[in-house]
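The values are calculated or read from the model by the stated rules, or taken from the named source; none is laboratory data. Nothing here was measured: the structure is a model prediction, and the numbers come from that model. Neighbour counts run over all protein chains shown; Cβ positions are idealised from the backbone, glycine included. Ligands, DNA and RNA are excluded from the accessible area calculation, which covers all protein heavy atoms including side chains. Shrake-Rupley method; radii C 1.70, N 1.55, O 1.52, S 1.80 Å.
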Amino acid sequence: MKAIIMAGGQGTRLRPLTCNLPKPMLPIMEKPVMQYTIELLKKSGITDIGVTLQYLPDEIIGYFGDGKEFGVNIQYFIEQVPLGTAGSVKNAERFLDDTFIVISGDALTDIDIDKALQYHREKGGIATLILKEVQVPLEYGVVVTEKDGRIKGFLEKPSWSEVFSDKVNTGIYILEPEVFNYYEEGQQFDFSNDLFPIFLKNQKPMYGYVADGYWCDIGNIEQFIKCHHDIMNKIVNVDIRGKIINDVYIGDNTQISKDAKISPPAYIGSNTKIYSSAHIGPYTILGKNNIISSGATIKRSVVFDNCYFGNNSEVRGSVICDKVQLENGVSIFEEAAIGKETLIGRRAVIKPGIKIWPNKVVGTSAIVKSNIIWGGKYSRSLFGKNGISGEVNVDITPEYVSKLGSAYGSMLKADSKVAISCSDDGAAQMFKYSLATGLMSMGVEVYDLKRTTTAMTRQATVFFGLQGSIHVAVDKEDNQRVNIIFIDKDGLNISKAMERKIESSFIREDYRRSKTDAFKIITHFSDCIDYYTRQIINQLNINRIREKKYKVVFSTRNNIIKSVMEKIFHEVGVGYRFYDQPKDLVGLSNEVKENSANFGVYISDEADTAVFVDDKGNIISQQGYEALMAIVSMNHSKFKLLAYPVTESLTMDYVAKTIGAKIIRTKTSQRAILDEYIKNDNGLGRNAIVNIYLSMLDAINVTMLTINMMVSSNVSLSAIMGKLPKYYMKRKEVPCPWDKKGTVMRNIIENCSSSTLELIEGVRINFEDSWVLVLPDADEPICRVYVEAENEEKAEILLNEMVLEIYEIINEDSKKKEEVM
């Protein structure tokens, strides 16, 4: 006895699941659906199997091979063009030399084939069709039989008025080789529509065997999900991998946190890892090699293999194909289907019923309300506000980062020197060396600064006279996320123009590859932090600091910063206490008061900002820190100019006036600010100005220069900050679709008096003692609104008025477009 499995269908109603996967290869509990068909045939002693193929045949051949791994012998018959069900089987005519069974490779069934074969032999017909009784036969081919089972008619997908039977065709047939006499090879021919009607017309005996077992034609996504649920409910008898514990199937080498919640019935595939606080709801099927992060919830969904679910992501009643990556906070709702290798950005929402075709990128905070079929994988900008950011080993992988290194290196002149550095994390170190391989392949000489902060790398870039540097840091707020900062020769973030060039080179892969004689070995700097520390100490009045015997309480999450601070404090004679509860500012304030310290400071993970606490325990705001930074800078450099971005406080105006400095408001980029200082050089020279500006981007430097200023002027931090005027700043993010941002900005400008406007970056509206700034975000579909006023009530009013105006502009524009349509 031989069998023929029909496995050539495209499964168009199952897209996007079948865009790059033939329908018989759809996975059900870690096995392709066709494998269950092979196991069913083998159970009945049928081991000689032919398989007809047409759509993506290599996927099936590559998996099943000659069948020996599955205990059967398989031969393949490939259609060059679609020939229909009977036409495809005709290709195997020489293989099928005796009674044979035809069965679909894309249906799940446990029908007893032995009983059907016995029935066929007893009836002695040319064909036996295996039938199933169903309650609603509208979506199937209905078969009408006589009492003895002889078929007397067919009706394809009838209406209720045409339903003359509840017996439907399963697509499983037992046939005699004689059937091949009724049509020609290469002819497009179908069993139900062409061959069986001929048998009826010629009164060839054809019977219908009504089977008792389970059968599900996986014709659409709903049926695909249903057959999983039926397995969970033990309605179908198939062999499932894994052990069962309390109605949960668990594959090999799974790792499930004791704090995760698994609600039965569920299936957890092999090598899947589920982190704490994750919830796998009932009727959830996870394939193999998936990662489910903390706080993620998945309910009544089918997940293929090698997927990643970020923290607090949620999926409800959906199908997620292979290698889909969901970043933190993503929400996917009922009946959605996400195609292979799709990346969905942070906080994106996929509405119910949405289908996303393979290899798509859904941006951060996007709300997807319609299917995404067209568009490429690199549809978004690589660079954001903070360099290139993404999930570790999700959208930021070693090979991706190596390619970034090549793209950057291709933009530099031959024999350029570039530094690489990283935070104190294994993932950051991995990516750092991935960058090195890409850079070296372009003939770039690489300097390894080891483990540093971003601020340290900026200064080292200038100190060693390099053409640029790249710093990799794992986000300590979310250790699954990494940031890659590209730095130019002046120690600043690279320009937007350079970002675009790197993106273009990355996408085109248009690289200048070097020959081996151009490769250079990596130069390792083990004493980079020593240089950095000595630079800071050399600018301090050490004798005066030692005389004052200051005490400082400091806190940080970064061990590199902790070590540097302790070394500097020890050498200059500052007493210190390390507060080991980072970001607990109230606790830090209490420590300052209890220890009678001169001040406290929390330094951020990359030393790019800080929060100070004065000697009275007052926590200094962000705008207070920026004002202190300006005061320290002016005191240290003797600048006669204060350049600051449009987002800064009016306190900056006061600082400038008190020392008689000129005021210039700039764009928010580091380059825009530095360029103003260089243009207004008062004799210091370009290199000195660059170094002074970089020192202000370094919170460790700001901390030590604050001490230097305090001891020189013999004034406390509370006294310094007490002289500053009090302003109240508020900010808010307003959701704004990408296609509405231009409309919003234009309307705000048109609705405002030109005399109060500044269009340096965004739209800033200035009043006598207050201002409002609307700044479209470059990475997300939002507008950021900043306001500042002399009292909190006025700031709140200004904020609410502008937010309301933005909403009204968006809604009015949408109404106009609807009217036009």
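Please tell me if Tyr447 is aromatic (Phe, Trp, Tyr), more than 21 Å from Asp475 (Cβ to Cβ) and open to solvent by less than 40 Å² (accessible area, probe 1.4 Å). It is true that Tyr447 is aromatic (Phe, Trp, Tyr), more than 21 Å from Asp475 (Cβ to Cβ) and open to solvent by less than 40 Å² (accessible area, probe 1.4 Å).
Of all the residues in segment 1-31, those that are in contact with a Ser or Thr (Cβ under 8 Å, 6 or more places away or on another chain), closer than 20 Å to Ser318 by Cβ, open to solvent by less than 10 Å² (accessible area, probe 1.4 Å) and in contact (Cβ under 8 Å) with a residue 60 or more places away in the chain number 1.
If the condition is being of a type in the set (Val, Ile, Thr) and touching a Lys or Arg at 6+ places or on another chain (Cβ under 8 Å), then segment 768-786 contributes Val772, Val774, Val785. Residue pairs whose Cβ atoms lie under 6 Å apart, sitting 6 or more positions apart in sequence or on different chains, and linking a residue in segment 55-83 that is farther than 19 Å from Gly11 by Cβ to a partner that is open to solvent by 80 Å² or more (accessible area, probe 1.4 Å) and basic (Lys, Arg), are Gly71/Lys42; Val72/Lys42. Residues of segment 317-329 that are over 15 Å from Phe224 (Cα atoms) and either at pLDDT 95 or above or open to solvent by less than 10 Å² (accessible area, probe 1.4 Å) (or both): Val324, Leu326, Glu327.
Whenever a residue of segment 32-48 is at negative phi, its partners that are assigned to a helix (DSSP H, G or I) and of a type in the set (A, V, I, L, M), lying with C-beta atoms within less than 6 angstrom and at least six residues away or across chains, give the pairs Pro32/Met25; Ser44/Ile113. In the set Asn386, Asn371, only one residue is open to solvent by 40 Å² or more (accessible area, probe 1.4 Å), among the polar types (S, T, N, Q), over 24 Å from His524 (Cα atoms) and free of Cβ contacts under 8 Å to residues at least 24 places away in the same chain; that residue is Asn371. Scan segment 715-727 for residues that are of a type outside the set (Phe, Trp, Tyr) and farther than 12 Å from Asn598 by Cβ and jot them down. Matches in segment 715-727: Met721, Gly722, Lys723, Leu724, Pro725, Lys726.
The residues of segment 590-604 that are surrounded by fewer than 20 Cβ atoms within 10 Å (Cβ to Cβ) and either in contact with a helix residue (DSSP H, G or I) (Cβ under 8 Å, 6 or more places away or on another chain) or not charged (D, E, K, R) (or both), listed by number, are Asn590, Asn595, Ser596. If you take the residues in segment 147-165 that are out of contact with any Gly (no Cβ under 9 Å at 6 or more places or on another chain) and either open to solvent by 70 Å² or more (accessible area, probe 1.4 Å) or modelled with pLDDT of 85 or more (or both), which one is farthest from Ile5 (Cα to Cα)? Among those residues, the one meeting the criterion is Ser161.
Go through segment 605-664 and give me each residue that's touching a helix residue (DSSP H, G or I) at 6+ places or on another chain (Cβ under 6 Å), assigned to a helix (DSSP H, G or I) and closer than 28 Å to Val474 by Cβ. Answer for segment 605-664, where residues must be touching a helix residue (DSSP H, G or I) at 6+ places or on another chain (Cβ under 6 Å), assigned to a helix (DSSP H, G or I) and closer than 28 Å to Val474 by Cβ: just Met629. Being farther than 20 Å from Val349 by Cα, in contact with a Gly (Cβ under 7 Å, 6 or more places away or on another chain) and of a type in the set (A, V, I, L, M) is a property that Ile298 lacks. Does Gly45 meet the test of being open to solvent by 20 Å² or more (accessible area, probe 1.4 Å), under 26 Å from Glu93 (Cβ atoms) and not hydrophobic (A, V, I, L, M, F, W, C)? Judged against the criteria, Gly45 is a match.
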